[in-house]
Amino acid sequence: MTIGTGPRGPGVLVIEPMGNAGRFLVEAADRLGLRLYAATHKEVHDAYPDRLRSALAGVCATDLTDTPRALADMEAFCRSRAVAGVAVCFELFTPLAAVLAERVGLPGNDPLLARAARNKILMGEAFSAAGVPAPRWAVARDAAEARRVAESGGLGRPLVVKPAEQGGSWGVSVVDAPDGAAGRGGGSGAGRGGGVGCGPGRPDGPGPLAAAVAAAQRFTHAQPHGLELDTTALLQEYVPGAEYSCDTVVAGGVAYPLPVVRKDTTRGRYRIETGHTCPSGLDPELVRTVQHTAARAALAVGVRNGIAHTELKIPPGTRTPYVIETGARLPGDNLCEVVEAATGVSEAVAYLQAVLGRVPDTVATASAAASIRFLLPEHGGVLRHASIPEAPGTHSELHLRPGDPVPEPADSACRIGHVLARAATAHLARALAAGVVARSRVEVG
Ligand SMILES: Nc1ncnc2c1ncn2[C@@H]1O[C@H](COP(=O)(O)OP(=O)(O)OP(=O)(O)O)[C@@H](O)[C@H]1O
Ligand SMILES: [Mg+2]
């Protein structure tokens, strides 16, 4: 007889486990003795790495872009396999997961609010309704509307322009407005209403604001599933200051805070995440404030049984975190590994416990540190060579291979690899990872 563990344990259906957090969900399901099922497209499943494919107890092949069909297929699957929880990896599927959980009668998020965890316009409305500190914002359906918003001065300068629905910093730009140039450096030091750095726009091309709106609106569908996206651009007030992320696991409507992580990004026009470090270096009181604000953001977008990844900035000289965004999903960027290495807390375990309606394990069992740094190219092209030296306390991975195209460094798609370091303190972990990155060789032709 098997009690609680092994193949007879409860089953969780993951709506597309192929994201960065997928491998952490697989490990967590193994630790908890859960059966893991996937809902995906047949072609997407065909491209799964062997490790993921062999970890699955079964697959619900459907069309996730066809909501009625996907819901019918997944509901039948959940009932036939006695599935006990629904999870996601991709932010874009979080509303689908909320509706499915309600239909099947499983613990899940509020289906009426769930779209606010995917669409940044609805998110802005949900934050306003719940009084969550967040940047002021306006929508722009085209460049002319963006210019009117910029000229009104209501959002100050510089402005952040981003897609309503996207991730990985794709299509996100910081621009001076309405006629100025894109920022180049100095962004994090700029105060509210301050410039982000100026330079002339191309005399023959669209102004920086129009270019930013076009960049934000260029994503009509998300791959690999082909899900249709809201192409409205969002304009936001620029929040200066250091950036953090903090995840919140919610079970039965009760929020359990997870560790705060310091985030580093590029400066200037494009904000690509260059690294993450845990612990954050904030004093304990500010850590609690960040956790509290992140929990409010998670609850504001209807997270009730699941997890939220929230990003926040704290303007210099203040102790008020502003929420840049939240997503009802596990973090990407190997943050599950960073947090567990530093604190012993497995966010993926806590997430699976929450979707099963259990009290999540969120108590830290370690007080070490970890830092991940990403290798970025100076420009786009073709990868000629990439190598990362080995160093004790670190491990690394290359994301691209020689011959692969390297996108322009405008979003996280350009990242060539990463180094993850563990050490006794955040300072040491960060320095260790940064040292290995500095000794790495990247040649892009
Ligand atoms: N209003 C803002 N003020 C200051 N910086 C911002 C603002 N909005 C976005 N940024 C910067 O741009 C980055 C990317 O923006 P955002 O998080 O909204 O996009 P995303 O594509 O959803 O990100 P992710 O990479 O987390 O999926 C943020 O991490 C932050 O550094
Ligand atoms: Mg983000």
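Just to check I understand the Karplus step: with θ = phi - 60° and J = 6.51 cos²θ - 1.76 cosθ + 1.60, what whole-Hz values come out for segment 82-87, glycine and proline as x?
6, 5, 10, x, 10, 10
Using only Cα atoms, find the angle between the long axis of helix 143-152 and the longest principal axis of the chain, and express it within 0 to 90 degrees, rounded to the nearest 10.
Around 70 degrees separate the two axes.
Between the alpha-carbon centers of segment 39-66 and segment 208-238, tell me the distance in whole angstrom.
Here the answer is 27 Å between Cα centres.
Give me, ordered by chain and number, the residues 5 or more places off G168 or on other chains with an amide H under 5 Å from its own placed amide H.
none
If the cut-off is a Cα-Cα distance under 24 Å, which lysines reach K120, setting aside same-chain residues fewer than 8 apart in sequence?
K162, K263, K313
Using a 10 Å cut-off on Cβ atoms, rank the peptides 314-327, 247-260 from the highest mean neighbour count down.
Top to bottom by mean Cβ count within 10 Å: 247-260, 314-327.
What order, most packed first, do the peptides 134-144, 298-308 have when packing is the mean number of other Cβ atoms within 10 Å of each residue?
Top of the packing list down: 298-308, 134-144.
What number, rounded to the nearest 500 deg cm²/dmol, is the helix-based mean residue ellipticity at 222 nm of the chain, given -39500 (n - 2.57) per DSSP H run of at least four residues and division by all its residues?
-8500 deg cm²/dmol
Dividing the Cα radius of gyration by the Kirkwood radius, what Rg/Rh value follows for segment 49-155? Intermediate values should be presented prior to the final figure.
Working: Rg = 18.8 Å, Rh = 16.7 Å.
Ratio value, two decimals: 1.13.
Return P(r) of the chain (all Cα-Cα pairs; 10 Å bins starting at 0; whole %; ordered from short to long distances).
Per 10 Å bin, starting at 0, the Cα pair percentages come out as 5, 21, 31, 28, 13, 2, 0, 0.
With each pseudo-label sitting 7 Å past Cα toward Cβ, what's the R319-E75 distance in nm, one decimal?
The two pseudo-label positions are separated by 5.0 nm.
Can you tell me the orientation of helix 120-130 relative to the chain, as the angle in degrees between its alpha-carbon axis and the longest Cα principal axis, to the nearest 10?
For helix 120-130, the angle is close to 80 degrees.
Using only Cα atoms, tell me the angle between helix 67-80 and the longest principal axis of the chain; keep it within 0 to 90° and round to the nearest 10.
Between the helix axis and the principal axis of the chain, the angle is about 30 degrees.
Over the chain, what is the mean sequence separation of C-alpha contacts under 8 Å (at least six apart), divided by residue count, expressed as relative contact order in percent?
Taking the mean separation of contacting Cα pairs over the length of the chain, I get 14 percent.
Output wanted: per-residue J couplings in Hz (rounded whole) for segment 395-402, from phi through Karplus 6.51 cos²θ - 1.76 cosθ + 1.60, θ = phi - 60°, x for Gly and Pro.
9, 9, 8, 9, 8, 10, 10, x
Counting other Cβ atoms within 10 Å, keep those with at most 13, restrict to DSSP loop, and tell me which chymotrypsin sites (Phe, Trp or Tyr not before Pro) in segment 207-294 are left.
Nothing satisfies the criteria.
Any read-out appearing in this document is the output of simple, stated calculations on the displayed coordinates, not a laboratory observation. Here the structure is a predicted model, which is why all the values come from computation and not from measurement. With ideal geometry, Cβ positions are generated from the backbone for all residues, glycine too; neighbour counts draw on all protein chains shown.
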